1. First measure r as the distance between the Cβ atoms of K174 and V139, then evaluate 1/(1 + (r/R0)^6) with R0 = 35 Å and state the FRET efficiency to the nearest 0.05.
2. State whether the chain is rounded, prolate or oblate according to the following rule on the C-alpha gyration tensor (a ≥ b ≥ c being the square roots of its eigenvalues): a/c under 1.5 gives rounded; otherwise a/b larger than b/c gives prolate, and the remaining case gives oblate.
3. Measure off, as a whole percent, the carbon and sulfur share of the 1.4 Å-probe accessible area of the chain, all protein chains present.
4. Among G134, M103, N149, which residue has its Cα furthest toward the positive end of the charge dipole of the chain, with +1 on Lys/Arg Cβ and -1 on Asp/Glu Cβ?
5. Given a 1.4 angstrom probe, what's the average accessible area per residue across region 92-135, in square angstrom?
6. Work through the residues other than M92 whose Cβ is under 13 Å from its Cβ and net out their charges, Lys, Arg +1 and Asp, Glu -1.
7. Which order do you get for M103, M21 if you rank them by accessible area with a 1.4 Å probe, largest at the top?
8. Please identify the longest segment of the chain free of exposed trypsin sites (Lys or Arg not before Pro), where exposed means a DSSP state other than H, G, I, E or B and no more than 15 other Cβ atoms within 10 Å.
Amino acid sequence: RKQADDLEKAVTIPVNIEIRMDQRVFDLSEVEKILKQAKKIIVQECGCRSDKKNCDAPLDVCLNIDPAPDYATKFAEHHPREVTLKQALDVMKRSHKAGLVHMAYTKKGDDRATLICSCCPCCCFTLGGLLRHGIATHVLTSKYISQENYEKCIACGKCVDRCVFGARKIDSGKLTYDSSRCFGCGLCISTCPTTAITLVPRANSIATE
């Protein structure tokens with residue numbers, strides 16, 4: 001139990017005020033759009049992976065969009081540094097290649113994100129917890145979802161290995177895809193050797209048999 005003199009900060013929470021937020025999953029094209037609209041971009045180390053150290057995924061992949069002037073001083077332990085748009089896009093491409101999922105909190109009805117994290121299921125407190133407890137489909141949202149063209153699929157299993165949400169598996173030599181577990185992160189698309197997977201708006205998703 002913490003003693004009173006050990007407290008570092010206090011947060012005031014207004015009474016009877018509702019703040020509705022979504023935990024969004026973004027694909028690379030969405031992140032690129034957000035970054036192009038930013039006036040200032042800070043890259044910092046992932047606090048989850050720095051703490052857990054359960055994998056060798058890159059650390060410096062979390063992006064803060066238009067942060068407060070004193071942000072770098074307050075969060076110096078995460079080694080924040082300002083980067084150019086090109087450098088930020090390179091960070092996102094590197095994290096995508098490493099199989100990380102781009103996630104951020106957004107306000108209801110507002111797609112803008114101020115902190116974009118690149119998460120892994122083995123270290124990330126949020127993503128890992130949602131997957132371990134089987135509640136990702138109840139909490140996460142996304143604008144896009146993957147669509148499968150089974151005629152082009154060769155059941156190589158590469159998309160299965162890349163999908164952290166368990167939406168894909170090989171059964172009796174054929175790919176099975178559960179769209180209800182897909183959040184449009186795009187990790188499967190960049191791996192598919194036959195371009196059998198595309199991203200479509202979630203409301204328009206139809207698997208092509």
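1. Values: r = 30 Å, r/R0 = 0.86.
FRET efficiency, K174 to V139: 0.70.
2. Details: a/c = 1.85, a/b = 1.71, b/c = 1.08.
Prolate is the answer for the chain, as a/c is 1.5 or above and a/b outweighs b/c.
3. Ligands and nucleic acids excluded, carbon and sulfur reach 52 percent.
4. Towards the positive end, the residue furthest out is N149.
5. Result: 51 Å² per residue.
6. My count for the surroundings of M92 gives +1.
7. Working: M103 5, M21 85 Å².
Reading off the accessible areas and sorting them downward yields M21, M103.
8. My reading of the result: 153-209 is the longest stretch.
The values are calculated or read from the model by the stated rules, or taken from the named source; none is laboratory data. Model, not experiment: these values are computed from the prediction. Don't worry about glycine lacking a Cβ; one is built from the backbone with ideal geometry, like all the others, and counts go over all protein chains shown. Heavy atoms of the whole protein, side chains included, go into the accessibility calculation; ligands, DNA and RNA do not. Shrake-Rupley method; radii C 1.70, N 1.55, O 1.52, S 1.80 Å.
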